[in-house]
Amino acid sequence: MALGLAAKKEIVAEVSEVASQALSVAVAEYRGMEVADLTELRVKAREQGVYLKVIRNTLAKRALEGSKFEDMDSALTGPLIYGFSIEAPGGAARLFKDFGKTNDKLQVTALSIGNGLMGPEKLDAVASLPTRDEALAKLLATFKAPVGKFVQTINEVPTKFVRVLAAIKDEK
């Protein structure tokens, strides 16, 4: 069924809105996948805060125009599913990587985190990007480590003094 002009404009507007809020985008070819597999992928995407959409590449190019992902034009060929990471920069890449372990028909073709087009060889690197909570935990651990060492060092002075006094007492 052909889409009318109004429907196409609506799709472009929706994807453009999502792209403006997204932290990253991953594009994968889904040729040969069954409907049940795509449904399972969509369920997992919803759980992980990833917006998935299958749209025509020409509409995707128009939707990505003027966004930080407009450099993806050259990679938009074939039947593609678009995954926009809303909550974590590596969300869509992680979703496609994990799903690709059980379904070899899903092939990632391009990735972008807003600063250039990346090929499928960068999938592991982007998928390993920490979530917001993980990044905050690492940052807090980094801040806490020097303070902890400082307190431990300061605490050593009275502890050493008490040990010296105990040694003198034991000696006498």
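Things to note:
- In degrees, nearest ten, helix 5-21 long axis to first principal axis of the chain (Cα): 10
- Helix axis angle, 132-171 relative to the chain longest principal axis, alpha carbon, degrees: 10
- For Lys169, a cut-off of 26 angstrom between C-alpha atoms picks up these lysines, skipping any fewer than 8 places away in its own chain: Lys160.
- Identified option (computed Kirkwood radius over Cα pairs in Å; candidates (i) 16.4; (ii) 15.9; (iii) 18.9): (iii)
- Tilt relative to the chain, helix 35-48 - C-alpha long axis, 0 to 90 degrees, to 10: 40
- Rounded to the nearest 0.05, the FRET efficiency derived from the C-beta distance between Thr159 and Leu139 at R0 = 30 Å is 0.50.
- By the rule of a C-alpha distance below 29 Å, with chain neighbours fewer than 8 residues away ignored, the lysines paired with Lys138 are Lys44, Lys68, Lys97, Lys101, Lys122, Lys149.
- Both radii are taken from the alpha-carbon atoms of the stretch 22-62; with Rh as the Kirkwood radius, Rg/Rh is 0.97.
- The chain, relative contact order in percent, only Cα pairs under 8 angstrom and at least six apart counted: 26
- Ranked by the mean number of other Cβ atoms within 10 Å of their residues, highest first, the peptides 90-97, 153-160, 30-37 fall in the order 90-97, 30-37, 153-160.
- Charge dipole (Cα centre; +1 on Lys/Arg Cβ, -1 on Asp/Glu Cβ; no other charges) of the stretch 70-172 amounts to roughly 760 debye.
- All C-alpha pair distances within the stretch 131-172, sorted into 10 Å bins from zero, spread as 25, 25, 20, 16, 10, 4, 0 percent across the bins.
Every number here is computed from the coordinates shown, using simple stated rules; none is lab data. Keep in mind the model is a prediction, meaning the values are calculated, not measured. Please note: Cβ atoms are built from the backbone with ideal geometry, for glycine as well, and neighbour counts cover all protein chains shown.
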